[in-house]
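Enquirer: Take a look at this one; I'll ask things after.
The values are calculated or read from the model by the stated rules, or taken from the named source; none is laboratory data. Because the structure is predicted, anything quoted here is derived from the model rather than measured. Don't worry about glycine lacking a Cβ; one is built from the backbone with ideal geometry, like all the others, and counts go over all protein chains shown.
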Amino acid sequence: KHVKTITKGGCGECQTACKIANQACEN
Amino acid sequence: MIHQYKFGEYNIVIDVCSGALHIVDDPTYDIISMFEASNRDTVISKTAEKYKDISLDEIEECYAQVAGLKESGKLFTEDTFEPMAGTLKAKTSGVVKALCLHIAHTCNLNCSYCFASQGKYHGERALMSFDVGKRALDFLIENSGTRRNLEVDFFGGEPLMNFDVVKKLVEYARSIEKEKNKNFRFTLTTNGVLVDKDVIDFANREMSNVVLSLDGRKEVHDRYRVDYSGNGSWNKIVPKFQEFVKARGGKNYYMRGTFTHANPDFLEDIKTMLDLGFTELSMEPVVAAEGDPAALTEADKPIVLKQYEELARLMLKRDKEGRPFTFYHYMIDLKGGPCIYKRISGCGSGTEYMAVTPWGDLYPCHQFVGDEKFKLGDIWKGVDNTAVQNEFASCNVYAREDCRDCWAKLYCSGGCAANAYHSTGSVRGIYKYGCDLFRKRMECAIAVAVARELGDAE
């Protein structure tokens, strides 16, 4: 194996430090 | 679209539109870089020429695995998301879920680099009354639709200069949240000067997160963060912050620093914060007009980019030593991050997120407060400046031509409207300097996450 691979309208419950990739899904 | 880069021992390939991350060996990395532009024979012969110690069979095997990834929709995936770009905002049109409450347009520090002009936002000093704050919370509940999680940040200026109102507003929200089936999450941003036992006890009971302003090294912090007599604040606030963080059990806080032209070597400030016992860190580039003495310059950029790389290495090193720490922008959950609809719809400023001034006016976010043409309305009659709101509602990753070919677009969602406006005059513009920093942060964040995922913290 030469490759290791790692990542259905949305709900909007996720959170809107610094004042998007760093958010977590909260559904 | 793909993005491939090397970080330490890792060859990382990001397939932007499927979200797949591939960690590959050297010949496969090179094959991927040629795969779309050359035919199979050319790719294999060039790779064989470079890797003379690897058999042709093995190189053909690499090629086959790359072709298999493409066939299974995990490499060179087409971007089919544009028609969905307005879906989440259309679905939640009119819903507000987060407010930045400007509880105090005044401050007990006089930081010259403050984007809010020493907390006054280019206006008069003012404190929010309980009645205005209460109406803001009612406005939020009335306009939150079916959203359960509601977020309120106490912001300023310095919010602790109006602490009694903060306490009363939290008490009011707690008294109605069950009946309204809502969950208020409060946050507090403070410079630390007025932190005492009462503040700590209250915040630990009611604030889901606190943001504590500290720039790192004493000489760096005290260069800008001074009181009205010109005295630095580092000696006064650091012991208070240490007590605050200890009382919170070392969790649910961020030390929030700003780096400027004076300290593009901000990793030294992060190390200082670690030495002081702080482990939840957020260090951000200054927001300043070009030409401002604090503004980062082109000459600073390579220094800053290098800091981000060294920071990632420091995180992995300390992981291995059993002394981990968090850097906000590297806090990326590879498998539980935001869904694609959120990633393409933008941050929500001006639609689901608004700032409220001490007298109840609504703005798209805290960085637009004080610029009258961005006033959306007020908390009594709601949004009446629909032209501005529509402009923000249409801000998404596909609204910006410059974002189309950027591999990081599904991580930043088109970036910050305020940064875009202040650098280009349009909320749909691109703050190119910020983009360069963001892409480097994402490369580093993903590399750290990959190393942790593979259990290889060096």
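Enquirer: B:GLY414 is checked against (1) in a helix (DSSP H, G or I); (2) touching a helix residue (DSSP H, G or I) at 6+ places or on another chain (Cβ under 6 Å) and fails just one. What number does that condition carry?
Expert: Failed condition: (1).
Enquirer: Output the number of residues of the range B:113-140 satisfying the condition of being among the acidic types (Asp, Glu) and at pLDDT below 90.
Expert: Total satisfying the criteria: 1.
Enquirer: Can I ask one more? Kindly provide the set of residues from the range B:351-372 that are outside any helix (DSSP H, G or I), buried (at least 23 other Cβ atoms within 10 Å of the Cβ), modelled with pLDDT under 90 and within 17 Å of the chain's Cα centre (by Cα), ordered by number.
Expert: Within the range B:351-372, just B:GLU352 meets the criteria.
This table checks each residue for (1) modelled with pLDDT of 95 or more; (2) under 18 Å from the mean Cα position of the chain (by Cα); (3) under 17 Å from B:ARG439 (Cα atoms); (4) among the β-branched types (Val, Ile, Thr).
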| residue | (1), (2), (3), (4) |
| --- | --- |
| B:ARG256 | no, yes, no, no |
| B:ASP265 | yes, no, no, no |
| B:THR272 | yes, no, no, yes |
| B:MET283 | no, yes, yes, no |
| B:ALA288 | no, yes, no, no |
| B:ALA299 | yes, no, no, no |
| B:TYR308 | yes, yes, yes, no |
| B:LEU311 | yes, yes, yes, no |
| B:LYS317 | no, no, no, no |
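Enquirer: Something else about it: Just name the residue that is surrounded by the most Cβ atoms within 10 Å (Cβ to Cβ) out of those in the range B:72-110 that are more than 10 Å from chain A (Cβ to nearest Cβ) and assigned to a helix (DSSP H, G or I).
Expert: Once the filter is applied, the top-ranked residue is B:GLU82.
Enquirer: For the range B:38-55, does any single residue satisfy the condition of being charged (D, E, K, R), farther than 25 Å from B:LYS409 by Cβ and within 12 Å of chain A (Cβ to nearest Cβ)?
Expert: No; the residues of the range B:38-55 include none that is charged (D, E, K, R), farther than 25 Å from B:LYS409 by Cβ and within 12 Å of chain A (Cβ to nearest Cβ).
Enquirer: Can you tell me which residue is surrounded by the fewest Cβ atoms within 10 Å (Cβ to Cβ) among those in the range B:328-338 that are under 14 Å from B:PHE438 (Cα atoms) and not aliphatic (A, V, I, L, M)?
Expert: Among those that are under 14 Å from B:PHE438 (Cα atoms) and not aliphatic (A, V, I, L, M), it is B:TYR328.
Enquirer: List, please: which pairs have Cβ atoms under 6 Å, are six or more places apart or on different chains, and start with a residue in the range B:16-41 that is not assigned by TED's automatic domain parsing to the domain that holds B:ILE54 and end with one that is of a type in the set (A, V, I, L, M)?
Expert: none
Enquirer: So which residues in the range B:111-131 are of a type in the set (A, V, I, L, M) and either in contact with a helix residue (DSSP H, G or I) (Cβ under 9 Å, 6 or more places away or on another chain) or surrounded by fewer than 16 Cβ atoms within 10 Å (Cβ to Cβ) (or both), if there are any at all?
Expert: Correct list: B:ALA116, B:LEU127, B:MET128.
Enquirer: Please give the strands (runs of 3 or more DSSP E) falling wholly within the range B:123-221 in which 2 or more residues are in contact with a Phe, Trp or Tyr (Cβ under 7 Å, 6 or more places away or on another chain) and closer than 22 Å to B:LEU362 by Cα. Please lay out each step first, then the result.
Expert: Values: elements: B:149-155, B:183-190, B:207-213.
By residue number, B:149-155, B:183-190.
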